[in-house]
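Accompanying notes for the structure given below.
Every number here is computed from the coordinates shown, using simple stated rules; none is lab data. Predicted model only: the values in this text are computed from it and were never measured. In this analysis, Cβ positions are derived from the backbone assuming ideal geometry, glycine residues included, and neighbour counts consider all displayed protein chains.
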Amino acid sequence: MLWVQIEGAVLIALGIGAVLFPALAGATAGVVFGWILFAIGVLGLASTFSARPHVHFGWSLASSIVTIVAGLIVALFPLAGTTVLVVAMAAWLILDGVSSLQIGLGLKRGGARAWIWPVVSAVVDWFLAALVLTLGPIGGAVFIGVVVGIDLILGGAALLTLGRALGRDAA
């Protein structure tokens, strides 16, 4: 219980730091993402050569090499990493908006009164996607840093609350 609360406090502190220094937090997220891609590519390369005979050896080899190169580019050039994250976030927002719109229209066809909220959510998703795409690399890094900071603060608050509740239940 104490460790859950400590983790929560650390997450809140890191989240505040990310909100105060969002460009640094966004660039850091890009670097971490790059090293993750690099590691995935290396594992894919090892898997490609260890699983011979391989039905798709050429494609697996190409995929691994592309992933390694992309990972190194993103890790060594953080603005490239944040640009990749910004585009991925925008793509997710666009697709989530399409999904929300379809849910809203389905609810409307079924006669539900609350059909408008998924439609509003779709419009907001599309607005945010457009906003994110127009920010550019530096603005994208700042945006990602703020999002990461908010997520850390909320996650930390949830852990603090959970830790307190677990402490009361154990007492």
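For this structure, a couple of remarks:
- The residues of the stretch 31-73 that are β-branched (Val, Ile, Thr) and within 27 Å of the chain's Cα centre (by Cα), listed by number, are Val31, Val32, Ile36, Ile40, Val42, Ile65, Val66, Thr67, Ile68, Val69, Ile73.
- Taken together, the residues in the stretch 1-26 that are over 29 Å from Ala75 (Cβ atoms) and hydrophobic (A, V, I, L, M, F, W, C) amount to 6.
- Qualifying residue in the stretch 95-111 (condition: within 30 Å of Ala23 (Cβ to Cβ), aliphatic (A, V, I, L, M) and free of Cβ contacts under 8 Å to residues at least 24 places away in the same chain): yes
- Residue list for the stretch 23-51, restricted to those being farther than 30 Å from Val146 by Cα and assigned to a helix (DSSP H, G or I): Val42, Leu43, Gly44, Leu45, Ala46, Ser47, Thr48, Phe49, Ser50
- Cβ-Cβ contacts under 7 Å between residues 6 or more apart (or on different chains), taken from a first residue in the stretch 1-14 that is outside any helix (DSSP H, G or I) to a second residue that is aliphatic (A, V, I, L, M), are listed as Met1/Leu166; Met1/Ala170.
- Remark: pairs (first residue in the stretch 130-147, under 25 Å from Leu14 (Cα atoms); second residue polar (S, T, N, Q); Cβ separation under 7 Å; 6+ apart in sequence or on different chains) = Pro137/Thr82; Pro137/Thr83; Gly140/Thr82; Gly140/Thr83; Ala141/Thr82; Ile144/Thr82.
- Subset tally (residues that are among the small types (Gly, Ala, Ser) and under 23 Å from Leu79 (Cα atoms)) for the stretch 105-162: 8
- Test for Thr161: is it among the polar types (S, T, N, Q) and under 30 Å from Leu2 (Cα atoms): yes
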